[in-house]
Amino acid sequence: MLEVLNDAERSALRAADAVNSLLDALRAHLKEVASNTVAHVELERDASKRLQGAAMEAANRGMRFINACMRMNEEMQQLPQLTAQVKELGRKVDEFESQLNRLVPR
């Protein structure tokens, strides 16, 4: 009976050692997984920040482009009036030249 009890105790110790080894291995793997998870989250965070910065820069450039187009559109609306003025000036120059030719013979 004592021998059976000793065998049971040895078996229990081996089982306890096996459980301890398994728990140590699990702890090491869990630590590695946690470390990899933290590194992955940090990488994702940094990538997200860079992407956000690039998106903001693109949006700002787009807004500057739109504002420049709007200013150019406003300036282009004055073009018909300027064209009319240039035509009128050309007509007056032609009229002046005609009168000058009548007054000053060549």
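Entry comment: accessible area of region 31-72 is 89 Å² per residue, from protein heavy atoms only and a probe of 1.4 Å. Rounded to 0.05, the FRET efficiency of the C69 and S48 pair, given R0 = 30 Å and the Cβ-Cβ distance, is 0.45.
How many percent of the accessible area of the chain is carbon or sulfur, using a 1.4 Å probe? Of all accessible area on the chain, carbon and sulfur atoms account for 63 percent. For the chain, the spread of Cα coordinates along the three principal axes comes to 149, 23, 10 Å, biggest extent given first.
Our estimate of slack between L26 and A84, defined as 0.36 nm per intervening residue step minus the Cα-Cα distance, is 12.2 nm. By the helix-only formula, in which each DSSP H run with n ≥ 4 contributes -39500 (n - 2.57) and the sum is divided by residues, the chain has a 222 nm mean residue ellipticity of -35500 deg cm²/dmol.
The values are calculated or read from the model by the stated rules, or taken from the named source; none is laboratory data. Just so we're clear, the structure is a prediction, and the values are computed from it rather than from any experiment. In this analysis, Cβ positions are derived from the backbone assuming ideal geometry, glycine residues included, and neighbour counts consider all displayed protein chains. With ligands, DNA and RNA removed, areas are computed over all heavy atoms of the protein, side chains included. Shrake-Rupley method; radii C 1.70, N 1.55, O 1.52, S 1.80 Å.
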